[in-house]
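Below is one structure, written out as structure tokens, with a few remarks after it.
Just so you know, all these numbers are worked out from the coordinates, no wet-lab data involved. Since the structure is predicted, the reported quantities are computational estimates derived from the model, not experimental observations. With ideal geometry, Cβ positions are generated from the backbone for all residues, glycine too; neighbour counts draw on all protein chains shown.
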Amino acid sequence: MDINEMLQKICKAASDKKAKDIITMNMKGLMFATDYFVICSAATATQVRAIADNIEEELDKVDVHFIHKEGYQEGEWILLDYGDIVAHIFRDVNREYYALEELWSNAEIKKFED
């Protein structure tokens, strides 16, 4: 699976669980750890966990597994690290607070349209 297919699969899995404001950020040349961020949000911790679960399940189906996962228990900001892509699933208030889109404002941002 190439990186663009993986980006689409992550975004679609988030969308299937009603994630809001799904974007991809091209981080190439801006950081060494990853090539892309996928960022989305949800109203509740339960929904944040459901989105993360669905991303994990959909990628497991194609034998792609995360390297690292953080924040699942709290459900406020879950990070799924797939190496070339890091998915950030936020509760709405935390997405506004941490403002990754502003922090990395020089990254190319694309809105996911399902």
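For the range 16-114, go through all pairs of different Cα atoms, get the mean of 1/r, take its inverse, and jot down that Kirkwood value in Å. Taking every pair of different Cα atoms in the range 16-114, averaging 1/r and inverting gives 13.6 Å. Helical content of the chain, expressed as a calculated mean residue ellipticity at 222 nm, amounts to -11000 deg cm²/dmol (DSSP H runs of 4 or more residues, -39,500 (n - 2.57) each, divided by residue number, nearest 500).
Looking at the calculated P(r) for the range 60-112, what percent of the C-alpha pair distances fall above 18 Å? That fraction is 43 percent. Since only VAL93, ALA107, LEU30 are under comparison, the one whose Cα sits farthest along the positive direction of the charge dipole of the chain, derived from C-beta charges on Lys, Arg, Asp and Glu, is VAL93. Protection proxy ranking, highest mean first, for peptides 45-51, 104-110: 45-51, 104-110, where packing is the per-residue count of other beta-carbon atoms within 10 Å, averaged. For the chain, the relative contact order works out to 31 percent when only alpha carbon pairs closer than 8 Å and six or more residues apart are counted.
Peptides 58-71, 76-89, ordered by how many other C-beta atoms sit within 10 Å of their residues on average, highest first, read 76-89, 58-71. Here the translational diffusion coefficient of the range 1-54 follows from Stokes-Einstein with Rh set to the Kirkwood radius across Cα pairs; for 37 °C and 0.692 mPa s it amounts to 278 µm²/s.
For the chain, with only Lys/Arg (+1) and Asp/Glu (-1) charged at the beta-carbon, what is the dipole magnitude about the Cα centre, in debye rounded to 20? For this selection, approximately 220 debye. Using 18 Å as the Cα-Cα cut-off, could you pick out the over-long pairs in LYS9/LYS111; LYS69/LYS110; LYS20/LYS110; LYS61/LYS111? Beyond 18 Å between Cα atoms: LYS69/LYS110; LYS61/LYS111.
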